[in-house]
Each structure stands twice: as structure tokens, then as C-alpha cells.
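The values are calculated or read from the model by the stated rules, or taken from the named source; none is laboratory data. All figures in this text were calculated on a predicted structure; none of them were measured in a lab. Note that we place each Cβ from the backbone using ideal geometry, even for glycine, and neighbour counts take in every protein chain shown. Note: areas computed on protein heavy atoms with side chains; ligands, DNA, RNA excluded. Shrake-Rupley method; radii C 1.70, N 1.55, O 1.52, S 1.80 Å.
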Amino acid sequence: MTLLESLSKKFTAPGRIAFRDGPCGAPIIVLVAPHGSCEVALYGAHVLSYRPLGHSPVLWMAKSMMDTKPGKAIRGGIPVCWPWFGAAPCPAPDGSPLPAHGFARTQVWTLRKTEYGAQETTVFLTLDDSEATRALWPHRFHLELTVTVGERLDVTLETTNRDAAPFEITEALHSYFRVTDIAETKVRGLSGLDYLDKAPGGRDATQGGDIAFTSETDRVFPNATDSAAVIDEGLRRVILVEKQGSSATVVWNPWAEKAAKMADLAADDYLRFVCVETANCGGAPVAVAPGASHSVTAHLSAALLDKDGKPVMK
Ligand code: TA6
């Protein structure tokens, strides 16, 4: 029996939970609830899509998703960047180079449990340390990613230290939001906050007003605990990114030149997404004591804008 067959047999719930073939030979879980639906790949515990009822898709996904090669991250959706964000803080124990954004997004996770009720459908995915992960990062851990689709999409990444010594992590739920046109998109909620500018030639600065996009944009806001919003003028829609357990927000669009060098992006893909990432990075790492746990959560929702640009509340 294949993994897809065994998961389908154990967890399928007609109209609520289903399975289909996914990237790198690992199934995709389809979650349906009264107010929306989403899909999660076991490869990387990667939220691939989210569509609230009555809305167009909220997350952007590369057309090449199913061609993702083992060891490479899926482009789009919500990559789980863990146990480091960006470049690894130190080399692997054997000195070999380490992948950007950690290894959690290129491992096949385990489906531990599913739940569904009148309004919500939830999956619980887990990843434990292994010989392969310890060769990259010499610590024992337990990770659990919980995805709930209800009135909004809730994604929680919980880290538990299974080691006898403390360890430090940086992390991000690296969400790719679908927009009509990046040139008609703004990110609101970070005004007045300092950021580290990672774009070529960038200079660290303080954000003034909404973020507009006219070139490669790669800003790490290390002290950003409040919500942010993606304002899509083309769709007259706002995507709200609320969060818990996250002290940093990252805003990224590669723009044309960098996108052209990314094999898993079509040349004009950059026009249709912006990343607003729910993170802990850019400052002091998160220290997790032996036996302790730490969680980071993103709450995603969408609302149409009225003629005055105000969200039309349900
Ligand atoms: O979140 C912004 C960023 O760190 C950018 O610098 C860019 O590297 C992006 O992540 C995508 O990284 P990836 O390894 O997924 O290609």
C-alpha cells in the first residue's frame, strides 16, 4: 500500500478531508470547511493554497510546484523556514554548506492527526530529528505544524527541544500572497518601524507609510509584533496577516532581475506575488530550553475593500 493509499484509508472524511498526489512523492492533504479550503503538502509541511469562500486564492504558487526536486523547497504557498532564517548561523558539523532557510521545508513530515467540526478543519503534522537532520544541525527536536481552515487560515509552528542542552532558532512562515499586480500593491502596518534592507545596495532605514514596490524589495523588520495587511488595488481586496509568537516581519519581492535568475520562477511571476513573512529573525534568536516549547502563529484572512478603501467586514 502506498503512503497515499494508507493516509486516504485512515484519514479521508468525505467533503472535509481528502488526499492527492503531491511533490517529491509525498501526498497533498485537501482540507475543506464551510468558509474555505486549503491544501498542505507533506513535503515540507507546506501550505500550498488557501481560498476563503467567495474569494480568489490568497496564496501564490509556482506552476512548477509538482516538479519540485527532493532537497529543493516548493516555491510559493507558505514555506516553513526552520531552524534558521536566511543563511545558516554556522556550518554543518562536517563543515559542509547548509541550505538557506533551514531544512524543515525539504523534509517529508508525518500526518499525526486530523480534526473537523461544524466550522473548522485541522491537520497536525510532525517532524522529529533524524540522523539526516542531526548531520546538518546537531540537536534533538520535535516540530508540530498545525493548519486550521475556518473563518480564516491559522498556521502554527511549535518547536520543542528534546535535547539535554538549550538551542537557538530563527524561523519564518514565509507566506507568498497572490496579488493582481505588484505595482498596484501596498503593504500596510509597518510604518515607523526600523528595517534591515537586504536588497542589493540597500540601506537600513525606518519605514515611512505603506510599502510600495518599484524594485527588488527585501526588508527585515526585527521588531514588528503587530499585524500587517496586503492591499491589492487590482482586486480591491485586503489580505490581513495577524500573528502571535513572532517578533519580526519580512517583506520580499524579487523584482524582474532577481526573478529572472530563479529557475522555479517564470520571468513575470514576480508581478503577481508579495511575501509578508511571520518570523523571528534579524535580532536575537529564540532560545529554547531543554523540554521547553516555542510557537509562532500566522492568522490569514481576506476582505474586499469598499469604495472608500475600507475592508468590507463580513
Ligand atoms: O524572505 C526573503 C528571502 O530571505 C530573500 O532574501 C530570498 O532569498 C527569499 O527569502 C527566498 O529564499 P529561497 O531560499 O526560498 O529562494
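How many residues does the range 52-69 hold that are hydrophobic (A, V, I, L, M, F, W, C) and either part of a loop (DSSP other than H, G, I, E, B) or over 30 Å from R236 (Cβ atoms) (or both)? Reasoning before the result, please.
From the range 52-69, those hydrophobic (A, V, I, L, M, F, W, C) are 53, 58-62, 65-66; that's our starting set.
Subsequent filtering for residues that are either part of a loop (DSSP other than H, G, I, E, B) or over 30 Å from R236 (Cβ atoms) (or both) retains 53, 58, 60, 62, 66.
Count: 5.
The set of residues in the range 10-46 being in contact with a Pro (Cβ under 9 Å, 6 or more places away or on another chain) and among the aliphatic types (A, V, I, L, M) consists of A41, L42. The residue of the range 76-117 that is nearest to V47 (Cα to Cα), among those that are in contact with a strand residue (DSSP E or B) (Cβ under 8 Å, 6 or more places away or on another chain) and charged (D, E, K, R), is R105.
Just a yes or no: is a residue in the range 140-151 surrounded by fewer than 16 Cβ atoms within 10 Å (Cβ to Cβ), of a type in the set (A, V, I, L, M) and within 21 Å of A298 (Cβ to Cβ)? No; the residues of the range 140-151 include none that is surrounded by fewer than 16 Cβ atoms within 10 Å (Cβ to Cβ), of a type in the set (A, V, I, L, M) and within 21 Å of A298 (Cβ to Cβ). Only a single criterion out of (1) over 14 Å from the mean Cα position of the chain (by Cα); (2) closer than 28 Å to L3 by Cβ; (3) in a loop (DSSP other than H, G, I, E, B); (4) without any contact (Cβ under 8 Å) to a residue 60 or more places away in the chain is not satisfied by A87, namely (2).
Applying the selection to the range 118-140, what residues are aromatic (F, W, Y) and out of contact with any strand residue (DSSP E or B) (no Cβ under 6 Å at 6 or more places or on another chain)?
Here is the first cut: in the range 118-140, the ones aromatic (F, W, Y) are 124, 137.
Passing the criteria: only W137.
Could you say whether any residue in the range 102-120 is within 16 Å of the ligand (Cβ to nearest atom), at pLDDT 95 or above, on the phi < 0 side of the Ramachandran plot and among the aliphatic types (A, V, I, L, M)?
The first filter runs over the range 102-120 and keeps only residues within 16 Å of the ligand (Cβ to nearest atom), leaving 102-107.
Adding the requirement that they be at pLDDT 95 or above leaves 102-107.
The next check asks that each one be on the phi < 0 side of the Ramachandran plot; those that pass are 103-107.
This time we only want the ones that are among the aliphatic types (A, V, I, L, M), so: 104.
Yes - at least one qualifying residue is present in the range 102-120.
Highlighted here are the strands (runs of 3 or more DSSP E) found entirely within the range 101-157 that include at least 1 residues which are under 15 Å from the mean Cα position of the chain (by Cα): 121-128, 141-149. In the range 222-263, the qualifying residues are those that are open to solvent by less than 10 Å² (accessible area, probe 1.4 Å) and away from the ligand (no atom under 16 Å from the Cβ), and the one that is farthest from C275 (Cα to Cα) is R237. Residues that are within 10 Å of the ligand (Cβ to nearest atom) and either of a type in the set (S, T, N, Q) or in a strand (DSSP E or B) (or both) were ranked within the range 70-84; the one that is nearest to D129 (Cα to Cα) is C81. Given the criteria among the basic types (K, R), more than 16 Å from the ligand (Cβ to nearest atom) and open to solvent by 10 Å² or more (accessible area, probe 1.4 Å), does R219 qualify? No.
Please find, among P290, P311, the residue that is surrounded by fewer than 19 Cβ atoms within 10 Å (Cβ to Cβ), over 14 Å from the mean Cα position of the chain (by Cα) and at pLDDT 95 or above. Give the steps one after another, and end with the answer.
On the way: P311 fails: at pLDDT 95 or above.
Going through P290, P311 in turn, just one is surrounded by fewer than 19 Cβ atoms within 10 Å (Cβ to Cβ), over 14 Å from the mean Cα position of the chain (by Cα) and at pLDDT 95 or above: P290.
Just one of the numbered conditions (1) open to solvent by less than 60 Å² (accessible area, probe 1.4 Å); (2) touching a Lys or Arg at 6+ places or on another chain (Cβ under 6 Å) is not true of C281: (2). Closer than 11 Å to V230 by Cβ and hydroxyl-bearing (S, T, Y), is that true of S175? When the stated conditions are applied, S175 passes them.
Could you please let me know if K186 is assigned to a strand (DSSP E or B) and open to solvent by 60 Å² or more (accessible area, probe 1.4 Å)?
Values: assigned to a strand (DSSP E or B): yes; open to solvent by 60 Å² or more (accessible area, probe 1.4 Å): yes.
Yes: the conditions hold for K186.
Quick check on the range 34-43. Is at least one of its residues touching a residue at least 60 places away in the same chain (Cβ under 8 Å), part of a loop (DSSP other than H, G, I, E, B) and more than 30 Å from E168 (Cα to Cα)? Taking every residue of the range 34-43 in turn, at least one turns out to be touching a residue at least 60 places away in the same chain (Cβ under 8 Å), part of a loop (DSSP other than H, G, I, E, B) and more than 30 Å from E168 (Cα to Cα).
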